[in-house]
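Everything on this sheet refers to the single structure shown next.
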Amino acid sequence: MASSTQASLLLQKQLRDLMKHPVEGFSAGLVDDSNVFEWSVTIIGPQDTLYEGGYFNAIMTFPLDYPNNPPTVRFKSEMWHPNVYPDGKVCISILHPPGDDPNGYELASERWSPVHTVESIILSIISMLSSPNDESPANVEAAKEWRENWDQFRKKVGRSVRRSQEML
Amino acid sequence: MDSDEDMLDASDSELMYDDDLYSDDGCGSDKIDGDYESEDSQSFLTRRDQRYNILKEEEIRQRQEEDISKVSGILSISRDAACILLRHYKWNVTKVHDEWFANEESVRKDIGLLEEPVEIPNSTELKCGICFEALPSSNMRAAACGHHYCIECWKGYIVASIKDGPICLGLRCPEPSCNVAIDHDMIKKIASSEDQEKYSRFLYRSYVEDNRKIKWCPGPGCENAVEFFLADSNNDVMCNCAHWFCWNCTEEAHRPVDCETVTKWLIKNSAESENMNWILANSKPCPKCKRPIEKNQGCMHMTCTPPCRFEFCWLCLDSWQSHGERTGGFYSCNSYERAKKEGVYDETEKRREMAKNSLERYMHYYERWASNQSSRQKAIADLHSMETEKIQKLSEIIREPETQLRFIIDAWQQIVDCRRLLRWTYAYGFYIPDKETAKKQLFEYLQVLLCLVCVTKNYFENLVRALENGLEDVDSSSSQTSTSKNEPTKGKSGKNKNRTTPAGVTVEDHWSCDRCTYANPASSDRCQMCQHQV
């Protein structure tokens, strides 16, 4: 079904499921109850990482042809990470449109597929937080710092974790 | 001219060389072997034939079909699988065979081709992996891997992928861990007829686009492809649509200029580089905000536009506050004059001067390059009107079959080509370093062609004019005969009446010079072009 009804039914279903059976590590809801295409999620910084203890807010925006095209995810909280653009947009391979990428960095199997759900996307983001990919960084400076100036990187992330706690 | 013999020669060459090249009569070759039959043109023709081959849509489809059948027959796989395999190896049949027989298993793994398809589980209700709806198994479809999704979700998946362009040809199962290829059969079962059409089109086009030896003709609206055999110094290809292009860079044919120079020249024309040169030559940056400023009038006291509003002296670019009586007042700047004498400003001034010169030089070449293109367009339009209507009228007037008048078309074609050549000499000339005199001489020699074009062109324009006058004569002969009255009816013109052009054209009030073939008015007895006395 190419229409947006399929997208909204599928998103409503996922929302119901997540309400009934919450998944450890994040919570999700709608930004505005009348719009099922915009979600607000809070990701809890994974244990044993620099982000531990942080509560990071992000907005997921779904296209009308979801699940055939991926949503975009943007952190509202401050996020210092090699794979997050300075404006908060998350850059991971599964959020890229389907098909092979022309630069050959990613395999088709690592890109968007309609089988992905809110849950699988957020779990990918949580795994991104624990193991950044510095080969094709979205935030070059953060990637450089992560590689070369670990102390500085740790301090910046620590600050963002504290700020996210204060915002609660 | 002895056209019967020509025809024989032409058909001989057809038999001797590539036969599918001449499978239909639309080939450009008849244009060449029409009248200028000589040993030279014969060898030119055969050389051309071996270099490339123009393919029409039917031929491309036929070849694609043959390749698919061949691979599917030899490897005993389905046609759809053969398609996927061929596409993966860029339609190189030999490569497919080599790889397949070297290691079938790894090839199958790479392209996602399972030997044994996995059946969808045989239960009454199944859950779709995309929309998570539980549906009867009859609503489920799966590729060879058995990962099943409902028809609606498949539709969305395939539609989205076809929307993304030719990439849909490499579609795989939606399950991220599975790389099984989605074949044409699945598309046929699921997609709308419009999307199927698009998919087939992409598949057809991939035969040309993925193949290193075949390229689309870049001519506007042309659907032909060109297969190129020999990579030598001559990359010029002329498609049946009359578009003449370079096979290597697919820009229009540009010999003797090499592809690199052409690219450089075209980038230079389109890019901002010349704007930058202009800015450099004619403006100075505001000393404060660095925006370029062009001084078009007024005194040296400049005020930058808001929000900067910086006031400065145009000559020394220093703040206006430091100016006044002691620096020489409003109309001159002593600090500038002094510094100039000391040589401080020399370098920037020199650079500006050089930029200005180089800009003028570029404009010189560009204008000529561009105007030759517009002349060429005009010639193409003339050629077209000649082909479509005038030749017919001319043949009616002089009662000669149109086939005898083909040389006129050839000549127009020649003019078009000369214009093209001439046009590129300007790109060539622009990049000749001043030191290389030999090159410069060759360049100037080439440009002599300009004169040749003019001569030929004049000749034909006169011929056309004669034809048009002739038409007037015919049209007006019933009502008035003023034109013929104006013509002198001396004995000489009577003699000239019988003069013919090489192909036997008799133009009543013109005669054609024996030496240079220029069409002279009947009133003169000396050739206006070469001064040859009759």
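The values are calculated or read from the model by the stated rules, or taken from the named source; none is laboratory data. A quick note: this is a predicted structure, and the numbers were derived from the prediction, not measured. So basically every Cβ, Gly included, is an ideal-geometry build from the backbone, and we count neighbours across all protein chains shown. These area figures cover heavy atoms from the full protein model, side chains too; ligands, DNA and RNA do not enter into them. Shrake-Rupley method; radii C 1.70, N 1.55, O 1.52, S 1.80 Å.
The helices (runs of 4 or more DSSP H) located wholly in segment B:100-195 that include 3 or more residues which are more than 10 Å from chain A (Cβ to nearest Cβ) occupy B:104-111, B:184-190. Taking first residues from segment B:90-108 that are in the same structural domain as B:Ala144 (by the TED database) and partners that are open to solvent by 50 Å² or more (accessible area, probe 1.4 Å), the Cβ contacts under 8 Å between residues at least 6 apart in sequence or on separate chains come to B:Lys90/B:Arg212; B:Val93/B:Lys70; B:His97/B:Ile74; B:Val107/B:Glu99; B:Arg108/B:Leu114; B:Arg108/B:Glu115.
Those residues that are among the aliphatic types (A, V, I, L, M) and out of contact with any Ser or Thr (no Cβ under 6 Å at 6 or more places or on another chain), I need them from segment A:60-91; list them, please.
Step one: list which residues in segment A:60-91 are among the aliphatic types (A, V, I, L, M), which gives A:60, A:64, A:73, A:79, A:84, A:90.
Across segment A:60-91, the qualifying residues are A:Met60, A:Val73, A:Met79, A:Val84, A:Val90.
Which of the residues spanning segment B:381-404 are surrounded by 17 or more Cβ atoms within 10 Å (Cβ to Cβ) and closer than 19 Å to B:His243 by Cβ? Across segment B:381-404, the qualifying residues are B:Asp382, B:Leu383, B:Met386. Set side by side, the residues B:Ala142, B:Ala81, B:Ala191, B:Ala160 differ, and just one is in contact with a His (Cβ under 6 Å, 6 or more places away or on another chain), open to solvent by less than 60 Å² (accessible area, probe 1.4 Å) and not charged (D, E, K, R), which is B:Ala142.
Restrict the check to segment A:4-12 and report whether at least one residue is under 17 Å from the mean Cα position of the chain (by Cα), among the aliphatic types (A, V, I, L, M) and within 28 Å of A:Asp151 (Cβ to Cβ).
Here is the first cut: in segment A:4-12, the residues under 17 Å from the mean Cα position of the chain (by Cα) are A:11.
Add one more test, that the residue is among the aliphatic types (A, V, I, L, M), and what stays is A:11.
This time we only want the ones that are within 28 Å of A:Asp151 (Cβ to Cβ), so: none.
There is no residue in segment A:4-12 that is under 17 Å from the mean Cα position of the chain (by Cα), among the aliphatic types (A, V, I, L, M) and within 28 Å of A:Asp151 (Cβ to Cβ).
One residue stands out among those in segment A:41-75 that are among the hydroxyl-bearing types (Ser, Thr, Tyr) and open to solvent by 10 Å² or more (accessible area, probe 1.4 Å): the one that is farthest from the other protein chains (Cβ to nearest Cβ), which is A:Tyr55.
Considering segment B:200-241, the residues that are more than 17 Å from the chain's Cα centre (by Cα) and of a type in the set (A, V, I, L, M) include one that is surrounded by the most Cβ atoms within 10 Å (Cβ to Cβ), namely B:Val208. Exactly one residue among B:Met276, B:Met302 is open to solvent by less than 60 Å² (accessible area, probe 1.4 Å) and at pLDDT below 85, and that residue is B:Met302. Would a scan of segment B:405-418 turn up a residue that is in contact with a helix residue (DSSP H, G or I) (Cβ under 6 Å, 6 or more places away or on another chain), modelled with pLDDT of 80 or more, surrounded by 15 or more Cβ atoms within 10 Å (Cβ to Cβ) and of a type in the set (S, T, N, Q)? The answer is no; no qualifying residue exists.
Matching residues to (1) modelled with pLDDT under 90; (2) aliphatic (A, V, I, L, M); (3) surrounded by 18 or more Cβ atoms within 10 Å (Cβ to Cβ):
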| site | (1), (2), (3) |
| --- | --- |
| A:Ser131 | yes, no, no |
| A:Glu135 | yes, no, no |
| A:Ala138 | yes, yes, yes |
| A:Glu145 | no, no, yes |
| A:Asp151 | no, no, no |
| A:Arg159 | no, no, no |
| A:Arg162 | no, no, no |
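Residue count for segment B:247-272 satisfying the condition of being among the small types (Gly, Ala, Ser) and exposed (fewer than 13 other Cβ atoms within 10 Å of the Cβ): 2. The set of residues from segment A:76-91 being out of contact with any helix residue (DSSP H, G or I) (no Cβ under 7 Å at 6 or more places or on another chain) and either open to solvent by less than 10 Å² (accessible area, probe 1.4 Å) or farther than 20 Å from A:Trp112 by Cβ (or both) comprises A:Lys76, A:Val84, A:Pro86, A:Asp87, A:Gly88.
Taking the criterion of being of a type in the set (A, V, I, L, M), surrounded by fewer than 18 Cβ atoms within 10 Å (Cβ to Cβ), touching a residue at least 40 places away in the same chain (Cβ under 8 Å) and within 14 Å of another protein chain (Cβ to nearest Cβ), would at least one residue in segment A:23-35 satisfy it?
No, that holds for no residue.
For segment A:86-100: of the residues being within 10 Å of chain B (Cβ to nearest Cβ) and assigned to a loop (DSSP other than H, G, I, E, B), which is modelled with the highest pLDDT? Checking each candidate, the answer is A:Pro97.
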